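Working notes for the structure below.
Nothing in this text is a laboratory measurement; each read-out follows from the coordinates by a stated rule. What you are looking at is a predicted structure, and each value in this text was computed from that prediction instead of being measured. Note that each Cβ is placed from the backbone with ideal geometry, even for glycine, and that neighbours are counted across all protein chains shown.
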Amino acid sequence: MLTSVDPDLIRVLGDPLRLRIVTLLARETLCTTHLVEETGAKQTNLSNHMKVLREAGVVETEPCGRFTYYKLKPEVLAGLSEQFAALADSARTASENKRACP
């Protein structure tokens, strides 16, 4: 059965900076300082984006002294991948389900 793709998660990942952050976190767990260095974003801007990613359940935090590390929650992206795979499977048979014009 076809499930719908989560539009809120797509919107969260649709921002170029947030997608860059997710790409970086897919390689390693990073703190805010690392993310500022890697992205070139100002810390306040980065913090706002991290809040959006946290609230969407894409990343989780790990306190380490005075630093906060961020790590990606792969199961969220895997779930999105499964939703897109189901959509692709449905599209493969769409030509067989042609609706007649009135």
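Looking at segment 1-76, which trypsin sites (Lys or Arg not before Pro) are DSSP coil and have at most 14 other C-beta atoms within 10 Å of their C-beta? Walk me through the numbers before you get to the answer.
Values: sites: R11, R18, R20, R27, K42, K51, R54, R66, K71; in loops: R27, K42, R66.
Of the trypsin sites (Lys or Arg not before Pro), the ones in loops of segment 1-76 whose Cβ has at most 14 other Cβ atoms within 10 Å are R27, K42, R66.
As an exercise, take the mean of 1/r over every pair of distinct alpha carbons in the chain, invert it, and state the Kirkwood radius in angstroms. Walk me through the intermediate numbers first.
Numbers: mean 1/r = 0.0649 Å⁻¹.
That comes to 15.4 Å for the chain.
Going by how many other Cβ atoms sit within 10 Å of their own, how do C64, C31 line up, fewest first? Each step should come with its number before you reach the end.
Numbers: C64 10, C31 17.
Ranked by crowding around the Cβ, least crowded first: C64, C31.
Please list the helices of the chain that count as membrane-span-like by this rule: a mean Kyte-Doolittle hydropathy of at least 0.0 together with Cα atoms stretching 20 Å or more along the helix axis, each helix being a complete DSSP H run. Intermediate values should be presented prior to the final figure.
Numbers: long enough: 74-92 (27 Å, 0.28).
Those that pass (Cα extent of 20 Å or more, hydropathy at least 0.0) are 74-92.
Identify the GluC sites (Glu not before Pro) of segment 19-86 meeting these criteria: DSSP loop state and at most 16 other C-beta atoms within 10 Å of the C-beta.
E28
For the chain, how many pairs of lysine residues have a Cα-Cα distance under 29 Å, where the two are 8 or more positions apart or belong to different chains? Walk me through the intermediate numbers first.
Working: K42/K51; K42/K71; K42/K73; K51/K71; K51/K73.
Qualifying lysine pairs in the chain: 5.
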